Structure formats: C-alpha cells, structure tokens
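The values are calculated or read from the model by the stated rules, or taken from the named source; none is laboratory data. Predicted model, so just to flag it, every value in this text is computed and none were measured. Don't worry about glycine lacking a Cβ; one is built from the backbone with ideal geometry, like all the others, and counts go over all protein chains shown.
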Amino acid sequence: MINLEPFKEIIYVTRPVFPTIEEVTEKLRDIWEAKWLTNNGPQHTMLEHELKTFLKVPYLSLFNNGTIALMVACQSLRLSGEVITTPFTFAATPHVLSWNNITPIFCDIDAETMNIDADKIESMITPHTTAILAVHVFGTPCDVEKIQEVADRYGLRVVYDAAHAFGVEIGERGVGTFGDISMFSFHATKLYHTVEGGALVHGNEHLKARIDLLKNFGIKNEEEVVMPGINGKLDEIRAAIGRIMLNYVEAERQKRIRLHEIYNEELADVEGVKLMPNCAADVKLNYQYYVVRIDENVFGRSRDFVYDEFRNYNVFARKYFHPLCSEFTCYRQLNSARVENLPVANVIGQQVLSLPMYGDLTEDEVRKICAILKSFKR
Ligand code: T4K
C-alpha cells in the first residue's frame, strides 16, 4: 500500500539538470584565461559545432533564448502578412509573430498528437499567408510531410518551433532538418539547457550568414551595418555550460524513459485519463514532458479539480497549455481564435495536465503521484 500523505516537499512539474559545480568552475577558468566573455568566443564556436553534430543538422546559430531566435527566424525569411500557427503552445509562439507585425492565424489541432492539424491548414490559407509556424508540442513530431506538401503547393515557408524537441529524430533524421528553419529552446526547464538559450537550425549557408547578421545588430564589419538586427547573442558562460550539459542529455533522457514507463504502467487502466500519444516506430522521442488528459465525463473530476487537489499533496502539476493562445486578450478578437473554429484545441485545453517529469524524481515518487491521482477518481 502506498502512503497517501502529502509529499514533505513540493514536487514541481520539472527541475533543471545541474552540472557539478567543479565542472562549471573548470570551464569558467578557461573563460577567464581567454579573457573573452561574449561575441562569438571560443566556447560559442565549439558549442555550435558540437550541437550541429548532436542534432544532425547542417547549419546552426546559437541565441540567447528561443524566443529571440524565433523572432529572427521570421525576419530572416522575410515573413509578413499572416502566418498559420497553433493555439496550443507557449505564449512565445504567437508573440514572435506579433512582434514581427504578422497576424497569427490559429488552426485547430489534431486530437491525438495535439499538434497543428495538417489537414486543416489548407482551408486557412489566404493571399496574405506567407508561412506555417508549427510546434512539435511536448516533443511529438508534427506531420512534417503533409505540412511540407501543403507549403510547397502554395509557396509557403515552414518554420518549426522545436522548443520541446531537442534530440528528437524521425527515421534517424534530426527533427530540425524539416522545414526551412527550426528553433530549439535551451531554457533551464528543458531536457538540454544552457540556463537560458536557444538555436536556429536550417539548411543553407546563405541563411546562416543572414541569421548571424540579424542576431548581431546587422553588423557586417566595423564599417558596415547592413540590416536592422537585434542582440540575440549567447555569451561564453552559457555556451560553456551548454558544452558541459551535452554530456548529461542521454543519461537524463534514459531516466525519463524509465519514469514514462512507470506512469504508463500505473495509469494505463484508469478510465478518463488519456496518456501521451503513440508515435511511429521510427521516431526517437526525448521524453521531456509527461502529459495526461483528464476527461471529466469519464474520470468524474475535472482537470482543474485534479490540479487544485494535487496542490494539497504538494504536487505542483501544470496546465500546459491552458489558457490557449487564442484565449489571450491580445488574440481573442481574431476570427481564427473563435471557439467554434478551434473545437479540438478548446476541449484539450480544458483537459491537459503536465505531471512532474525530471531525472531526479524517484520511481516511488512517480508511483505515489499516480496513486494520488487515482484516489481522486469518482
Ligand atoms: N516555444 C515553446 C513551445 C516553448 O515551450 C517555449 C518555452 C518557447 C517557445 C520559448 O523559449 P525560451 O524563450 O523560453 O527559450 C517554462 C519555461 O520558462 C519556458 O522556457 C517553456 N517554454 C515553458 C513551457 O515552460 P514557465 O513560466 O512555466 O516556467 P516556470 O518558471 O514556472 O518553471 C516551471 C517549473 O520549473 C517551476 O515550477 C519550478 C521549476 N524550476 C524552474 C526554474 C526556472 C526550477 O526548479 N528551477 C528553475 O531554475 O515557462
């Protein structure tokens, strides 16, 4: 019997992976000796190279965070007008469009994968559409083939927000090799991180040169500033931490695989609790998140009840992603944001709950979280 007393300490939805202080100190020494803190230093150069190999992508540009990276992606492809995206994502996704004076057009999501519904994209294309901005939500890859097929037919660009998809592969191809550009976030809460940070990955040298100019104020050399760029640079300290963290990714992923298995095992037969989607056999996942959907009609309790009640047990689950971006005050006046246009997203937004997932979580803690969840059922 599992003891259902509240946890003594808060169990957060996630905890960052920490390198040892000794490893960081050693790298800091290298930086101090080089007397180089930012602006394309040696750590930065080495991390770009190492990440390219790790992610199996031809070109990669580091950034100070994923949001600025995505803003630059839009600029680098000269996107304008309307971009079709998903309402079921973190606020950053539609916000980067707004910051580029682009109108986000929300497309409904697939009921299984929770990613943009590729079959619905075509009906949303207008003469103003310039791109599709899709998100590999919780690391589950989008239907990349169908999205590319629609984009090719209408001459649209494809940008992936791959913030959740570090290390994900489709048939041994890095997920970042699909579309024109993909953005990875290296925020502290991600499977792989540089404290704050991110990257754009893309397939050609010309784009790399443009992106690197855009992230450095458009400065070409001491005499020439060739475009209105921004400051998107990743500094040496974070780049060095990123180099250390690369050694931690696979071990962290393995720990999370085990925790996923336990959640799946414990929750498999709970009616009204839907588990994460199954992916094709050739997809390598990163197991960053563990997300369930609570169907109130079957479970007898709402997602909000579960979320609130969990807190009494010191389990701080999160409602990623509720509210939907289409419900934000800055977007809800858009026609595409209307509830009747997004029926699937509006149901899932009320059901979804991210359960604690990080390598330091113990198997017993996961079993207890599951037992607590099951005790809520009516
Ligand atoms: N696109 C998508 C699809 C994204 O999910 C994100 C970011 C982006 C774009 C933008 O990328 P970045 O510009 O961030 O690189 C967190 C992250 O801050 C955010 O990066 C992430 N998505 C989002 C899904 O999750 P919050 O507001 O939920 O974070 P916060 O501070 O509540 O942290 C979650 C939990 O983690 C805390 O309850 C406790 C724990 N925690 C957190 C931090 C920062 C720690 O234990 N220690 C820590 O240092 O957004």
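Assess whether Phe186 counts as being aromatic (Phe, Trp, Tyr) and over 22 Å from Ala281 (Cα atoms). Spelling it out, Phe186 is indeed aromatic (Phe, Trp, Tyr) and over 22 Å from Ala281 (Cα atoms).
Pairs only if they're at least six apart or on different chains, beta carbon under 6 angstrom, first in the range 160-180 and closer than 18 Å to Ala73 by Cβ and among the aromatic types (Phe, Trp, Tyr), second within 16 Å of the ligand (Cβ to nearest atom) and not in a helix (DSSP H, G or I); list them, first residue then second. Correct list of pairs: Tyr160/Ala134; Tyr160/Gly179; Tyr160/Ser182; Phe166/Phe184; Phe166/Leu191; Phe166/Tyr192; Phe166/Asn286. Does the range 161-174 contain any residue that is modelled with pLDDT of 95 or more, in a strand (DSSP E or B) and within 10 Å of the ligand (Cβ to nearest atom)? Yes, that holds for at least one residue. Here Arg157 meets each of (1) surrounded by fewer than 21 Cβ atoms within 10 Å (Cβ to Cβ); (2) closer than 21 Å to Asp282 by Cα with one exception, condition (2). Scanning the range 1-55 for residues that are away from the ligand (no atom under 16 Å from the Cβ) and either part of a helix (DSSP H, G or I) or over 30 Å from Leu355 (Cα atoms) (or both) yields a total of 30. Counting the residues of the range 326-378 that are of a type in the set (S, T, N, Q) and within 21 Å of the chain's Cα centre (by Cα) gives 5. Take the conditions (1) surrounded by fewer than 21 Cβ atoms within 10 Å (Cβ to Cβ); (2) in a helix (DSSP H, G or I); (3) of a type in the set (A, V, I, L, M); Ala111 misses just one of them, which is (2).
Cβ-Cβ distances below 9 Å connect no pair with a first residue in the range 341-354 that is at pLDDT below 95, a second residue that is surrounded by fewer than 22 Cβ atoms within 10 Å (Cβ to Cβ) and small (Gly, Ala, Ser), and a separation of six or more residues or different chains. Just to be sure, is Pro141 outside any helix (DSSP H, G or I) and away from the ligand (no atom under 16 Å from the Cβ)? In short, no. The one condition from (1) more than 13 Å from the ligand (Cβ to nearest atom); (2) within 23 Å of Leu191 (Cβ to Cβ); (3) not acidic (Asp, Glu) that Leu355 does not meet is (1). Within the range 113-127, residues that are over 23 Å from Ala162 (Cβ atoms) reach partners that are of a type in the set (Gly, Ala, Ser) with beta carbons closer than 9 Å, at six or more positions or on different chains, in the pairs Thr126/Gly81; Pro127/Gly81. Just for the range 175-187: of the residues that are within 12 Å of the ligand (Cβ to nearest atom) and not in a loop (DSSP other than H, G, I, E, B), which one is farthest from the chain's Cα centre (by Cα)? Applying the filter and picking the extreme gives Ser182.
Within the range 188-207, if we keep just the residues that are within 13 Å of the chain's Cα centre (by Cα) and assigned to a loop (DSSP other than H, G, I, E, B), the residue that is surrounded by the most Cβ atoms within 10 Å (Cβ to Cβ) turns out to be Gly197.
The residues of the range 218-250 that are assigned to a loop (DSSP other than H, G, I, E, B) and closer than 17 Å to Gly66 by Cα, listed by number, are Gly229, Ile230, Gly232, Lys233, Leu234, Asp235.
Taken as a whole, the structure leaves Val249 outside the set of residues that are closer than 24 Å to Thr113 by Cβ, touching a Leu at 6+ places or on another chain (Cβ under 6 Å) and at pLDDT 95 or above. Just a yes or no: is a residue in the range 212-224 touching a strand residue (DSSP E or B) at 6+ places or on another chain (Cβ under 7 Å) and acidic (Asp, Glu)? Checked the range 212-224: at least one residue is touching a strand residue (DSSP E or B) at 6+ places or on another chain (Cβ under 7 Å) and acidic (Asp, Glu). Among the residues making up the range 63-79, those that are closer than 14 Å to Ala162 by Cα and either away from the ligand (no atom under 12 Å from the Cβ) or not hydrophobic (A, V, I, L, M, F, W, C) (or both) are Asn65, Gly66, Thr67.
Per-residue answers, yes or no, for (1) charged (D, E, K, R); (2) within 23 Å of Tyr358 (Cβ to Cβ); (3) assigned by TED's automatic domain parsing to the domain that holds Phe88; (4) modelled with pLDDT of 95 or more:
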position	(1), (2), (3), (4)
Lys208	yes, no, yes, yes
Asn216	no, no, yes, yes
Asn231	no, no, yes, yes
Ile257	no, yes, no, yes
Leu275	no, yes, no, yes
Asn286	no, yes, no, yes
Arg293	yes, yes, no, yes
Phe305	no, no, no, yes
Arg311	yes, yes, no, yes
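Just one of the listed residues (Leu133, Leu79, Leu62, Leu97) is closer than 22 Å to Phe184 by Cβ and assigned to a loop (DSSP other than H, G, I, E, B), and it is Leu79.
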